[in-house]
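The values are calculated or read from the model by the stated rules, or taken from the named source; none is laboratory data. Fair warning: this is a prediction, and the values are worked out from it, not measured in the lab. Neighbour counts run over all protein chains shown; Cβ positions are idealised from the backbone, glycine included. Side chains are part of the model used for accessible areas, which takes the heavy atoms of the whole protein and leaves out ligands, DNA and RNA. Shrake-Rupley method; radii C 1.70, N 1.55, O 1.52, S 1.80 Å.
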Amino acid sequence: MYLCSKLSILMKDYPQFISSESIRLPNEGKITCTSPSNIALVKYWGKRPVQLPENASISFTLDACKTITSVSYKKRDVVSEDFDFDLLFEGKPKPDFKPKIQRFFERIEKYLPFLKQYTFTIETSNTFPHSSGIASSASGMSALALCLMQLEKKMHSDLTDEDLLQKASFLARLGSGSACRSIEGPITVWGSHQEINNSNDAFAIKFPYKIHQNFERYCDTILLIDKGEKQVSSTVGHDLMHGHPFAKRRFEQAAENLTKLKGILSSGDLHGFIKIVESEALTLHAMMMTSLPYFILMKPNTLSVINKVWEYRKQTGSSLCFTLDAGANVHLLYPDSEKEQILDFITSELVAYCQNGQYICDKIGLGAKML
Ligand code: DP6
């Protein structure tokens, strides 16, 4: 029994990601990386400590919506017990982001033993408006994780690209779960799933099967319905799944949907895709409506857009569909081949439902990179 629990604690430590102390610590320098946001097709909603998902999720990595982060590092003369970092967001100090980074550093210190040896200045900015209701934690945490891994590479030059990306995803996950899915693209899976080879809870992997050309150049136009502050933080949201009356069935359903989506992504079945993706979006919101406390994160305009999309699909036979994050904004997903007609539809019929008429055109992308 003792052995068993000791073993499981060890397993949770992920020893493969604990790097040895390096004797070759660079003195100072600056690393800049960029990482995109991602949009889940099968949603991650519900987690267990530390930041491990209750079900496997799959997402499109985005391209235009991204964070650009620079990490300047300078070796400290005297190493203290505290992390030493400053944070600038769009060129200005941002004290309210610091606790999140502090927590992130505490969680990843074991895996990056050099962190306390440096003074860091982290400068970060997003290509999308901060108050747009687009979650910046996925792009932000993955960009920072990749910067730190590039620094680690300077100490361990034998680190392969594959190992570097894998550990960047592992670290990003400890910052924000969905962030681990942004390191690579175009489609990534996070969470252990019986039918997806090498899938696991610790880091995301590239979808390891052939993707039908129908999905190769998918577009995502994000309608900014409500740019207000998030009503429910993701941590509080995930917590609502503990003791949720439908949680168990939901986690099973997510696994079933991922199995179906695996086949659909390979066969190119656009109708099948729409059914799973829209059902996942509505299920995510249904989970929030049926938890205690309960929340409605959609706004009247979210519902109007959904109805318009359904009407448009009925009239035109289009493959346009929607998905939602934990908020009111609507992500419109469609194949590149329909782009012209759908952008016409958006500008003529849907922009009216967007706050200040704002929307963002994005598409599937390839993940984080060093600049
Ligand atoms: C609704 O990754 O933001 O976007 O792990 O607490 O940082 P934390 O949560 P977060 O949750 C994202 C939830 C979601 C669905 C998804 O992206 O899969």
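Pairs of Cα atoms under 8 Å, at least six residues apart: use those to get the relative contact order of the chain, whole percent.
Details: 734 pairs, mean separation 86.3, N = 371.
Reported relative contact order: 23 percent.
How would R103, R173 line up by accessible area, probe 1.4 Å, largest first? Walk me through the numbers on the way to the answer.
Working: R103 125, R173 5 Å².
In descending accessible area the options line up as R103, R173.
Classify segment 236-290 as rounded, prolate or oblate from the Cα gyration tensor: take a ≥ b ≥ c as the square roots of its eigenvalues, call it rounded if a/c is under 1.5, otherwise prolate when a/b beats b/c and oblate if not. Kindly include the intermediate steps, with their values, before the conclusion.
On the way: a/c = 3.37, a/b = 2.22, b/c = 1.52.
The shape class here is prolate.
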*How big is the shadow of the Cα convex hull of the chain, averaged over all directions, in nm²?*
19.6
*Helix 270-289 versus the longest principal axis of the chain: what angle, 0 to 90°, nearest 10, using Cα atoms?*
70
*Please work out the average accessible area per residue across the chain, using the 1.4 Å probe convention, and give it in Å².*
46
*Please identify, among S35, S137, S304, the residue showing maximal mean-square fluctuation in a Gaussian network model of the chain using a 10 angstrom Cα cutoff.*
S304
*Separation of segment 321-341 and segment 39-91 by C-alpha centroid, Å?*
25
*asked:* If Rh is defined by the Kirkwood formula over all Cα pairs and Rg also comes from Cα, what ratio Rg/Rh do you get for segment 302-344?
replied: 0.96
*asked:* Accessible area of the chain with a 1.4 Å probe: how many percent of it is carbon plus sulfur?
replied: 53
_Taking N as its residue count, the alpha carbon Rg of segment 40-107 over 2.2 N^0.38 Å_ = 1.52
_Can I get the semi-axes of segment 1-120's equivalent ellipsoid? Compute them from the C-alpha gyration tensor as square roots of 5 times the eigenvalues, in angstrom, largest first._
28, 25, 14
*Kindly identify segment 107-218 as rounded, prolate or oblate by the Cα gyration tensor criterion: order the square roots of the eigenvalues as a ≥ b ≥ c, call it rounded if a/c is under 1.5, otherwise compare a/b with b/c, prolate if a/b is larger, else oblate.*
oblate
*asked:* Using the crude model of +1 on Lys and Arg Cβ and -1 on Asp and Glu Cβ, and no other charge, please compute the dipole size for the chain relative to its Cα centre, in debye to 20.
replied: 460
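Where does the chain land at 222 nm, in deg cm²/dmol rounded to the nearest 500, when only DSSP H runs of n ≥ 4 count, each adding -39500 (n - 2.57), divided by all residues?
On the way: 9 runs with 127 residues, N = 371.
Taken over the chain, the calculation gives -11000 deg cm²/dmol.
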*asked:* Given all pairs of different Cα atoms, what value in angstroms does the Kirkwood hydrodynamic radius of segment 268-343 take?
replied: 13.2
*Scanning the chain for GluC sites (Glu not before Pro) in DSSP loops with at most 16 other Cβ atoms within 10 Å, what's the longest stretch left with none?*
230-371
